[in-house]
1. In Å, the Kirkwood hydrodynamic radius of segment 94-185 over pairs of distinct alpha carbons?
2. Can you run phi through the Karplus equation (6.51, -1.76, 1.60; θ = phi - 60°) for segment 98-106 and list ³J(HN,Hα) in whole Hz, with x for Gly and Pro?
3. Evaluate the distance, in nm, between pseudo-label points positioned 7 Å from the Cα of VAL29 and of TRP287 along their respective Cα→Cβ axes.
4. Using a 7 Å offset from the Cα along the Cα-to-Cβ direction at both ARG148 and ALA46, what is the distance between the two label points in nm, to one decimal?
5. Ordered by residue, what ³J(HN,Hα) values in Hz, to whole numbers, does segment 236-252 give under the Karplus form 6.51 cos²θ - 1.76 cosθ + 1.60, where θ = phi - 60° and Gly and Pro are x?
6. Per residue and in cubic angstrom, what volume does the convex hull of the Cα atoms of segment 136-248 have?
7. Quick query: amide H of PHE80 versus all other amide H atoms, modeled in the peptide plane; which residues come in under 5 Å with a sequence gap of 5 or more or a different chain?
8. Could you give the length gained on full extension between ILE14 and SER129, defined as 0.36 nm per residue of separation minus the Cα-Cα distance, in nm?
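The values are calculated or read from the model by the stated rules, or taken from the named source; none is laboratory data. These numbers come from a predicted model, not from an experiment. Backbone-built Cβ (ideal geometry, glycine too); neighbour counts: all protein chains shown. These area figures cover heavy atoms from the full protein model, side chains too; ligands, DNA and RNA do not enter into them. Shrake-Rupley method; radii C 1.70, N 1.55, O 1.52, S 1.80 Å.
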Amino acid sequence: MGTPTHLDSPERKITYWFADLALVFLGVVTVFAKSYEHLLKAIDSAIYASLSMSATGQGLIPHLPIGLEANGGFYGTHGFNDHPTLLLYLSGWVMRLLGPEAWTARLLPCLLSAGCVWVLFVLGAHWGSRFRGWIAGGVLALTVSYFRNASGFQLDAPMTFFILLSFLAWEKKWPIRTGVFAGLAIIMKAPVGLLIFPVALLAEALAARQAGKSWRLTRSFWTPWISALSICLFLVVLFWTICGMIGGIAIVTDYWGRYVFGTLQGRDGTQSFDPFLFFRDLGRFYWPWLPLFLFGAYSVIRRGT
């Protein structure tokens, strides 16, 4: 049976396009709502803006570590080495080209953050329906934690943008792009960009269970999975190799030893971390959307039984 013609009518298509554009503008407006402000928050945003200028103060090749006092920074003789410098470096050149203002500091990070809404819409439409995509994108845009973080110069939302792109690329069966996006997510901020790979394994196991089959490590799954992971790790190793060649191997060992593995143990050498803080934030800010989450979880469980 063919699709009813009224479902493909030009009027309906135009309505869908307007709804899509409305969601895009919602994400952009949410992120850039305070673009008129001439000051950055005196926390991470101001720090990252200063570091961005430091990263580009020596020309095309940055002087690593960034933020050294000798180069006009505020981090003494040790510099800033808590995060990869890619986004800071790119934002620094945006600020130098357009002028060192608050809006230029936020421009690139906020554009990437706004992209999260659109990619989530595409994922929702791919996994369910266009309506489900609108709901998913709208929920993200109206979640307090998201727009508080995304409206400043932060690294979390840009990293999330590439994580979502890695999921979309995997769903589209694009292993090369999956690896590239996952690698960029890691280089944006942290190794949590590897998230697509354990999730893909879990999804494969659940799909086999729903089909009533025993999960076997088939070549059709492992070949793209290993290819994507290899490309991801290659990009990360290449990035840190270049950083090591510019600033010395101590930068690499300090970042991975102190910040990454130190954070996993609840410390980074200077301060303590609460490993459950993320879940507490979910309870504080995400609770308006819990009914939708529970309904979605129930739907998945019901389909699997």
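1. Hydrodynamic radius (Kirkwood, Cα only) of segment 94-185 equals 13.8 Å.
2. 9, x, x, 10, 4, 6, 6, 5, 8
3. 2.8
4. For the pair ARG148/ALA46, the computed spacing is 1.9 nm.
5. Working through the residues one at a time gives 5, 5, 4, 4, 6, 5, 5, 4, x, 5, 7, x, x, 5, 4, 5, 5 Hz.
6. 119
7. ILE66, GLY67, LEU68
8. Working it through step by step, the gained length comes to 39.7 nm.
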